[in-house]
Amino acid sequence: MFDVSNLKMKPALCILAVFATLNLTALAQTPNVMNTNKTESATFGGGCFWCMEAVFERLPGVKSVASGFAGGHTANPTYEQVCTGTTGHAEVTQIEFYPAKISYEKLLDVFWQAHDPTTLNRQGVDEGTQYRSIILYHSEAQKLAAEKSKAGAQKNFKHPIVTEIVPFVKFYQAGDYHQEYYDNNSNAPYCRMVIAPKLEKLEKAEIIQSQPQNETGH
């Protein structure tokens, strides 16, 4: 005899199967949606690291900013050694950021606006190879983004951009005295004459916030 009960059960089983599939799909996607705490690193040099640090720590989505040295050949260099221009290192900022909150491309946009990338080995009164404009990429994706961003930024400058785009090798953090320098020494002559006007200009253009946004800021 033909079992009529099967006709009643099959639709119910189908519905249950559909819900099970949807639940598994949702669970599989959850880590990607919820993974907002993942961070990446970016390393830029654009003159004195005191200036660049003060700029990037005022961006929402930045977790931390450290001042230090990179791009050279001397291991564990001191600030005094780097200042001689013989180490090959540039003064740089190492930025840890949340890609879910701020993109690497956005950091690059700020980088071009935070310094003059057309002056070779110099930013204002700061002169020497340690003050060169440089992007040290941490991945092939960052390299491609930096090259594309550089080409796009060129239209905003009269002279050719001389920024180096090179692979990141190692970052040497400068001493505690150099960390959060502007926030701790805002009344120092260099801070008042060089850094403060730059921050004011970027804040007025709504590029940065008025206060540090990173977790290590004040």
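The values are calculated or read from the model by the stated rules, or taken from the named source; none is laboratory data. Bear in mind that the values here come from a model prediction, so they are computed numbers and not experimental data. FYI the Cβ positions are ideal-geometry reconstructions off the backbone, even for glycines, and counts take in every protein chain you see.
Side notes on the structure shown:
- Unique match (being within 22 Å of Gly68 (Cβ to Cβ) and either among the aromatic types (Phe, Trp, Tyr) or in contact with a His (Cβ under 8 Å, 6 or more places away or on another chain) (or both)) among Ser186, Ser133, Ser139: Ser133
- Among the conditions (1) surrounded by fewer than 15 Cβ atoms within 10 Å (Cβ to Cβ); (2) touching a residue at least 60 places away in the same chain (Cβ under 8 Å); (3) not β-branched (Val, Ile, Thr), the only one that Glu105 does not satisfy is (2).
- Region 37-52 residues that are in contact (Cβ under 8 Å) with a residue 24 or more places away in the chain and outside any loop (DSSP other than H, G, I, E, B), paired with ones that are surrounded by fewer than 17 Cβ atoms within 10 Å (Cβ to Cβ) and of a type in the set (Val, Ile, Thr) (beta carbon under 8 Å, 6 or more apart): none
- Verdict on Ser186 being outside any helix (DSSP H, G or I), touching a helix residue (DSSP H, G or I) at 6+ places or on another chain (Cβ under 6 Å) and surrounded by fewer than 17 Cβ atoms within 10 Å (Cβ to Cβ): no
- Exclusive hit being exposed (fewer than 13 other Cβ atoms within 10 Å of the Cβ) and within 22 Å of Ser103 (Cβ to Cβ), set Glu206, Glu200, Glu147: Glu206
- Scan region 116-161 for residues that are closer than 26 Å to Pro189 by Cα, part of a loop (DSSP other than H, G, I, E, B) and either in contact with a Ser or Thr (Cβ under 6 Å, 6 or more places away or on another chain) or among the aliphatic types (A, V, I, L, M) (or both) and the total you get is 4.
- Residue in region 60-67 that is at pLDDT 95 or above, crowded, with 16+ Cβ neighbours inside 10 Å, part of a loop (DSSP other than H, G, I, E, B) and basic (Lys, Arg) present: no
- The requirement of being charged (D, E, K, R), at pLDDT 95 or above and touching a strand residue (DSSP E or B) at 6+ places or on another chain (Cβ under 8 Å) is satisfied by Lys143.
- Top-ranked residue in region 154-183 [being among the hydroxyl-bearing types (Ser, Thr, Tyr) and farther than 13 Å from Cys48 by Cβ; ranked as surrounded by the fewest Cβ atoms within 10 Å (Cβ to Cβ)]: Tyr177
- Identity of the residue in region 77-132, over 20 Å from Glu57 (Cβ atoms) and of a type in the set (D, E, K, R), that ends up farthest from the chain's Cα centre (by Cα): Glu80
- Test: Tyr79 is surrounded by 20 or more Cβ atoms within 10 Å (Cβ to Cβ) and in contact (Cβ under 8 Å) with a residue 12 or more places away in the chain: no
- Condition check for Ser139: small (Gly, Ala, Ser) and surrounded by fewer than 19 Cβ atoms within 10 Å (Cβ to Cβ): yes
- Residue count for region 83-108, restricted to those that are within 16 Å of Ser41 (Cα to Cα) and either among the polar types (S, T, N, Q) or assigned to a helix (DSSP H, G or I) (or both): 8.
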